Amino acid sequence: MIVSLVIWIALAGGVAAAAAAFYGHYLDLPAWMTGPEICQLEGGGCAVLFRNPRSALLGVPNAGLGLGLYAVLAFGLLTGWPPLLLWAMTIPAVAMSAFLGYSLIVNGHQCRICWTGHVANAMLFLLLATRALA
């Protein structure tokens, strides 16, 4: 019961972060979401990261991939897909989060929107692994 609740919270956090990043990939986010007090980067904050070449995989924004993943995971959870399949679907996301998170650390960037998505991916990976292995 508690694991299910935390999974849904992680999904909600991931969707919020991915939606903000997806919007930021194409348009300017409001200053209260990306200003220097939130994201300590040049050029208006996190928007610099959302338009970076690393923000897309084969031309598709990472945030769009995330939104797709979260939608499929939610559908799978609601319709009773096997936990092992749901967990396996998080592996590419957590690998991408590890790479992008490492890049944030190495470059000294602060992006709360980014970190929210990375933490959500890690939580989903771990929580769905516990379900798959139970």
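Got at least one residue in segment 98-113 being at pLDDT below 90, surrounded by fewer than 18 Cβ atoms within 10 Å (Cβ to Cβ) and closer than 30 Å to Met1 by Cα? Yes, the conditions are met somewhere in segment 98-113. If you go through segment 47-79 and keep only what is more than 24 Å from Pro30 (Cβ to Cβ), among the hydrophobic types (A, V, I, L, M, F, W, C) and either part of a helix (DSSP H, G or I) or at pLDDT 95 or above (or both), you end up with Leu69, Ala71, Val72, Leu73, Ala74, Phe75, Leu77, Leu78. Residues that are in contact (Cβ under 8 Å) with a residue 40 or more places away in the chain and surrounded by 19 or more Cβ atoms within 10 Å (Cβ to Cβ) were ranked within segment 70-92; the one that is nearest to Cys114 (Cα to Cα) is Tyr70. Looking only at residues of segment 53-93 that are aromatic (Phe, Trp, Tyr) and under 17 Å from Ile9 (Cα atoms), we find that the one that is farthest from the chain's Cα centre (by Cα) is Phe75.
The values are calculated or read from the model by the stated rules, or taken from the named source; none is laboratory data. As the structure is a computational prediction, the values presented were derived from the model and not from experiment. Every residue, glycine as well, gets a Cβ built from its backbone with ideal geometry; the counts of neighbours run over all protein chains shown.
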